[in-house]
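Written out below as C-alpha cells is the structure these notes cover.
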C-alpha cells in the first residue's frame, strides 16, 4: 500500500465531510487504520452551508435548516453530540405567503406544497380565481395516471389540479427548493410523495386528507415547517463539528485537475503540481467536475455526468430595525411566481423562522435571486443584487429605510437540475461508474439535494469504499 492517503475524497461540502467522518467511524469500530485526505478546490469547507455570526445576528448564506423526517441528518447530529443545539421553527409564524398582483397573499391552511388537504380554506382564499378553485375541486374525480414513465412537475400538477395551482403555488415553491423550471423538472424525483399518493389513493386531495387524519396535521400552509430544524448557532455548527472530528484531513485550495491510474489505485494531481496516491477515491464533486476527471477513464460515465445541468442562485441577507416595517410580517417568508415578473424568487424572515437569529428589536431577512427561470439576475454585480432586494421589500412590504447591512453570496452552478428521466439517468451513471475500480460517486446530483440526502450519499459511498479497501487488504495479506 502507498504511504500517501489510502482514501482520498474530492470535495469538502457536506457530502464529502460526511463521507470522511463515516470513514473515521468505521476505521475506529473495526480497528482498521486509515489515512483520509479531503481535497477542496475552494478556500473554505462546507460548500453551500455557510453561517456568518456578527453583532448578535446569525446569517445563513446557504441552507438554513434541514428536514428531520429523513433520518440521516438527525442520526449524524446525534453521533456528533449536537442534539442539545437543535432548534425548531417558531410555531406562531408557520405560514407562507405568495405574491399575487403585488400583494402578499397567504397560502391557504392545509395546502401542502402543491395540493390542499381541505377545500374550504381554498374557497375562501383570494389566491385563486373562481375558475381556478372550480378546477381544483375536480381533482378527486381526475382518473389516476397508469403509465409508469416519468413526467414533468408542470405536467403532473396541471393534470391533477389545473394551471393556476402550477403558476401560483407549485412553480414558486419548486423554484424555492430546486431553483428549477417545473416544465423540465422530474415529478418522480422531486415530489415522489405526491406521485405515490396518486398511485395509492387515486388523487392528491384524498391522499393528503388521509395523511392529515393520521398525523393530526393540516393547520399550516406551504412546506411542512414543523419538520424543519436548525442549530441555535446556525447551520455552520454541522460543518464545524465534522471538521473537529477530522483533524489534519482537510486540504483547502487543492483543486484536483487530473485523476490518473496508479499501480496501487489512483493518482490525484492538484493545481499546484503535486500528486497524491490513494487506493480508493470518493468523488463528492459536482457532476460536471466529476465528468472532467473521469472522461479519460470512461467516456460513457463522463458524458452522462456531464448531461446533468446545474442552476445558479444568490442570496442577500439584510437587517432592519423592527420599526422599519409598517406591519411586521407574521410568517416565515414568501415566494414569488414567475408570472409576477419580479426581480426575486423568494424572501424569508430568518429571525421569525428561528429564535435567536437577530437582536429582539431587529428583523433579519433573506432574499433569493436567480435560478433556472431568472438567469439574467446572476449577471448583476453585488450592489445591484442588494438594490433589487431592497426594491422588492420596499414594494411588497413598505420598507423604505436603508438596511443596517447587506451580505450577498453567489452560488454558481450549485443546484443540480433533476430533469425528467432523472432516476433512469442516475441508474445508468451508477452502472457505468461500477466499471471503475475503487472509485465511488456521491453528491446532491444523485438522489436528493437536501442536507439529509447529501449526508446519506456521502456515508453510503464511505461504507462502500471502506468495504472495498478492507476486502482488498485482507485478500492480499
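The values are calculated or read from the model by the stated rules, or taken from the named source; none is laboratory data. Since the model is a prediction, treat every value here as computed from it, not as a measurement. Here Cβ is always computed from backbone atoms with ideal geometry, including for glycine, and neighbour counts include all displayed protein chains.
Among the residues of the stretch 256-287, none is identified as out of contact with any strand residue (DSSP E or B) (no Cβ under 7 Å at 6 or more places or on another chain) and touching a residue at least 40 places away in the same chain (Cβ under 8 Å).
Going through (1) surrounded by 16 or more Cβ atoms within 10 Å (Cβ to Cβ); (2) within 20 Å of residue 208 (Cβ to Cβ); (3) modelled with pLDDT of 95 or more one by one, residue 119 falls short only on (3).
Yes or no, residue by residue, for (1) surrounded by fewer than 23 Cβ atoms within 10 Å (Cβ to Cβ); (2) over 22 Å from residue 52 (Cα atoms); (3) within 24 Å of the chain's Cα centre (by Cα); (4) at pLDDT below 95:
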{"residue": "338", "(1), (2), (3), (4)": "yes, yes, yes, no"}
{"residue": "349", "(1), (2), (3), (4)": "no, no, yes, no"}
{"residue": "381", "(1), (2), (3), (4)": "yes, no, no, no"}
{"residue": "397", "(1), (2), (3), (4)": "yes, yes, no, no"}
{"residue": "403", "(1), (2), (3), (4)": "yes, no, no, no"}
{"residue": "409", "(1), (2), (3), (4)": "yes, no, yes, no"}
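Of all the criteria given as (1) surrounded by 20 or more Cβ atoms within 10 Å (Cβ to Cβ); (2) in contact with a helix residue (DSSP H, G or I) (Cβ under 6 Å, 6 or more places away or on another chain), the one not satisfied by residue 39 is (2).
Taking the stretch 430-447 as the range and being within 28 Å of residue 74 (Cβ to Cβ) and crowded, with 22+ Cβ neighbours inside 10 Å as the test, the residues that pass are 440, 441, 442, 443, 444, 445, 446. A residue that is touching a helix residue (DSSP H, G or I) at 6+ places or on another chain (Cβ under 9 Å), crowded, with 24+ Cβ neighbours inside 10 Å, assigned to a loop (DSSP other than H, G, I, E, B) and at pLDDT below 95 can be found somewhere in the stretch 165-181. I'd like to know if the stretch 6-18 contains one or more residues that are surrounded by fewer than 23 Cβ atoms within 10 Å (Cβ to Cβ), closer than 24 Å to residue 250 by Cβ and either assigned by TED's automatic domain parsing to the domain that holds residue 356 or modelled with pLDDT under 95 (or both). Checked against the condition, which is being surrounded by fewer than 23 Cβ atoms within 10 Å (Cβ to Cβ), closer than 24 Å to residue 250 by Cβ and either assigned by TED's automatic domain parsing to the domain that holds residue 356 or modelled with pLDDT under 95 (or both), the stretch 6-18 yields no hits at all. The stretch 421-477 holds helices (runs of 4 or more DSSP H) entirely within its bounds, and those carrying 3 or more residues that are under 17 Å from residue 16 (Cβ atoms) and in contact (Cβ under 8 Å) with a residue 60 or more places away in the chain map to 451-476. Please verify whether residue 403 is part of a strand (DSSP E or B), farther than 30 Å from residue 78 by Cα and not assigned by TED's automatic domain parsing to the domain that holds residue 151, treating the condition exactly as stated. Spelling it out, it is not the case that residue 403 is part of a strand (DSSP E or B), farther than 30 Å from residue 78 by Cα and not assigned by TED's automatic domain parsing to the domain that holds residue 151.
Being over 20 Å from residue 357 (Cα atoms) and without any contact (Cβ under 8 Å) to a residue 60 or more places away in the chain is the filter here; which residues of the stretch 293-322 pass it? Result: 295, 296, 299, 302, 303, 306. Candidates 254, 302, 291, 285: the one that is assigned by TED's automatic domain parsing to the domain that holds residue 460, in a loop (DSSP other than H, G, I, E, B), surrounded by fewer than 23 Cβ atoms within 10 Å (Cβ to Cβ) and within 26 Å of the chain's Cα centre (by Cα) is 254.
From the residues in the stretch 229-251 that are in a loop (DSSP other than H, G, I, E, B) and touching a residue at least 60 places away in the same chain (Cβ under 8 Å), which one is nearest to the chain's Cα centre (by Cα)? Outline the logic, then answer.
Step one: of the stretch 229-251, the residues in a loop (DSSP other than H, G, I, E, B) are 232-235, 245-249.
Of the ones still in play, those that are also touching a residue at least 60 places away in the same chain (Cβ under 8 Å) are 232-235, 245-246, 249.
Details: 232: 20, 233: 20, 234: 16, 235: 13, 245: 24, 246: 24, 249: 25 Å.
Out of the qualifying residues, it is 235.
Among residues of the stretch 310-328 being out of contact with any strand residue (DSSP E or B) (no Cβ under 6 Å at 6 or more places or on another chain) and crowded, with 17+ Cβ neighbours inside 10 Å, the one that is nearest to residue 186 (Cα to Cα) is 325.
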